[in-house]
Amino acid sequence: MSEYNIGDIVSLNSHPYFQNLTDVKIAGEPINVIPLMVVVEIYKETRTLFNEETGDRISLKGDGRCKCAWFSLKSNVFSDAWFDFDSLKLVEEKQGLILSKEGFSDLEFKKHSLKDYLNKDVLFTTAFLELKKIKETKLHDKKSDNISSYNSLLNFVSPPMQIIDVKLGDEKSSGKFDSKTGNSKKHQPILFFKCRYYNASADKWTEVLLPSESLKLIENVEDDLIKIKKDKDENGFYIYDYTLENEQHDPQKNESLTILEIDDITYLNGFYSLKTYDLIHQQWKILDIPFYNVCDVKSINEIFLKESYPNFNFKKGAKAPDADKLLGEFTEFISMYEGKGNYILIKYINNSDKINQRVLKDFFIVQGATKKANTYLHGYCCKKREMRSFNFSNLKSVKVIKSLMVNDKDIETVTEDV
């Protein structure tokens, strides 16, 4: 028999999500997707009862129903309904505001709650998961390498709300306890927040009464946004520690430290994020604001060495060096930095005749066996996570990333024209 608590996020058994399994793409018609819901009231049978005339079982001890609330963008309002325990499944345990009345009188508890939460911005707890829902659409273009396209599925994302009042739960409601056993049958919230939100469908502000357990505070990140803008304007790069994301960091997946080029700030339904470009792994990375994995802020001049290959510092009337001279300069340049824990950023022409770039470590030169044989730059590609070789004739430039020391960890940083 399933056990539920007020504030749990649940849905019907047909919902694609499960507890600890929400990374599921959703295909098909969005209108057929059902919402995630929050348990706002529970009725639980405290004993098994039988019909005195027929002997048929009327109720089973431990069985019961949940009153669940959800938000729909189609109507732009909150709704609720009762569901049997067996028809539901738990998706996420309660994540909302859990308040204790212990030690307070009713009036004191109400005043205390109002003082702490009046005018605070909140979100319905399902919004955090609903924002991550992804709709997958199959593609039928044979010329494309992609077989699907992906878009956000926002059917049940509730808007940001503002708390404008509080209301205590109904302590005097009938039928809360079993008349013979004294056990609790009804489980109700002890505190409700009156919230208002902009109802886009009705073009007006709408008020709704919701249990505290169904709401989560939206953090004020104004100071963080101001600092990020200053960091971008004055510096432009963050040194980022992947090990702070997960104590069980896997070095096979990425370097412990990397360099993020600061890009744009994005706002979505009460939340801010920062788009950055991971220069070591050559991929975009989105940071939720606030973030705590940034170890340092660096300017472009602190990121890379001035030395690079080839040296284009020509004077008027100079002649371009021949291939043998370029190869000699390249070999000398690489030998200066190989085997010292350095990283290099290379630009090269790939198999599609497009200029691409990678960051390598543990690099060295593989000389051609004859003058006509190709020479290769061989090294560990930080993006592909494996050793790769690059033909010297396809290389456009090589730049060395400066060695930085952050929290006793070594890393390098990148170049101007990345």
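The values are calculated or read from the model by the stated rules, or taken from the named source; none is laboratory data. Since we're looking at a predicted model, the values are computed, not measured. Neighbour counts run over all protein chains shown; Cβ positions are idealised from the backbone, glycine included. Surface accessibility is based on the protein's heavy atoms, side chains included, excluding ligands, DNA and RNA. Shrake-Rupley method; radii C 1.70, N 1.55, O 1.52, S 1.80 Å.
Just a few scattered comments:
- Restricting the range 277-316 to residues that are in a strand (DSSP E or B) and among the aliphatic types (A, V, I, L, M), the residue that is nearest to Glu234 (Cα to Cα): Val297
- Answer residue from the range 95-118, given it is within 19 Å of Glu219 (Cβ to Cβ) and assigned to a loop (DSSP other than H, G, I, E, B) and is nearest to the chain's Cα centre (by Cα) among those: Gln95
- Among the residues of the range 106-125, those identified as under 27 Å from Tyr272 (Cα atoms) and open to solvent by 50 Å² or more (accessible area, probe 1.4 Å) are Leu114, Lys115, Asp116, Leu118, Asn119, Lys120, Asp121.
- Against the conditions (1) open to solvent by 60 Å² or more (accessible area, probe 1.4 Å); (2) on the phi < 0 side of the Ramachandran plot, Gly103 satisfies every one except (2).
- Pairs are defined by a Cβ separation below 6 Å, a sequence spacing of at least 6 or placement on different chains, a first member in the range 216-229 that is polar (S, T, N, Q), and a second member that is assigned to a helix (DSSP H, G or I) and crowded, with 16+ Cβ neighbours inside 10 Å; no pair meets this definition.
Rundown of residues vs (1) β-branched (Val, Ile, Thr); (2) at pLDDT 95 or above; (3) over 30 Å from Gly96 (Cα atoms); (4) part of a helix (DSSP H, G or I), yes/no style:
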position: Asn220; (1), (2), (3), (4): no, no, no, no
position: Asp223; (1), (2), (3), (4): no, yes, no, yes
position: Ile226; (1), (2), (3), (4): yes, yes, no, yes
position: Lys230; (1), (2), (3), (4): no, yes, yes, yes
position: Thr243; (1), (2), (3), (4): yes, no, no, yes
position: Glu247; (1), (2), (3), (4): no, no, no, no
position: Glu255; (1), (2), (3), (4): no, no, yes, no
position: Ile265; (1), (2), (3), (4): yes, yes, no, no
position: Lys275; (1), (2), (3), (4): no, yes, no, no
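- Test: residue in the range 261-275 that is touching an Asp or Glu at 6+ places or on another chain (Cβ under 6 Å) and under 30 Å from Phe124 (Cβ atoms): yes
- Residues satisfying the stated conditions in the range 261-286, i.e. surrounded by 15 or more Cβ atoms within 10 Å (Cβ to Cβ), free of Cβ contacts under 8 Å to residues at least 40 places away in the same chain and touching a Lys or Arg at 6+ places or on another chain (Cβ under 6 Å): Ile262, Asp263, Thr276, Asp278
- Residues that are of a type in the set (Asp, Glu) and not in a loop (DSSP other than H, G, I, E, B), drawn from the range 4-43: Glu41
- Which numbered condition Leu153 misses (of (1) surrounded by fewer than 17 Cβ atoms within 10 Å (Cβ to Cβ); (2) of a type outside the set (Gly, Ala, Ser); (3) at pLDDT 85 or above): (1)
- Qualifying residue in the range 172-180 (condition: modelled with pLDDT of 90 or more, within 30 Å of Asp106 (Cα to Cα) and open to solvent by 50 Å² or more (accessible area, probe 1.4 Å)): no
- Residue check for Glu245: open to solvent by 80 Å² or more (accessible area, probe 1.4 Å) and under 25 Å from Arg385 (Cβ atoms): yes
- Close contacts from the range 292-318, counting a first residue that is modelled with pLDDT of 75 or more and a second that is outside any strand (DSSP E or B) and among the hydroxyl-bearing types (Ser, Thr, Tyr), with Cβ to Cβ under 8 Å and a gap of 6+ residues or different chains, come to Asn293/Tyr242; Lys298/Thr413; Glu302/Thr413; Ile303/Thr413; Ile303/Thr415; Phe304/Thr413; Phe304/Thr415; Ser308/Thr415.
- In this structure, Lys194 does not qualify as surrounded by fewer than 16 Cβ atoms within 10 Å (Cβ to Cβ), under 24 Å from Glu302 (Cβ atoms), modelled with pLDDT of 95 or more and not polar (S, T, N, Q).
- For the range 218-242, a tally of residues being within 20 Å of Pro160 (Cβ to Cβ) and open to solvent by 70 Å² or more (accessible area, probe 1.4 Å) returns 4.
- Residue match in the range 379-388 (condition: over 19 Å from Gln252 (Cα atoms) and hydrophobic (A, V, I, L, M, F, W, C)): no
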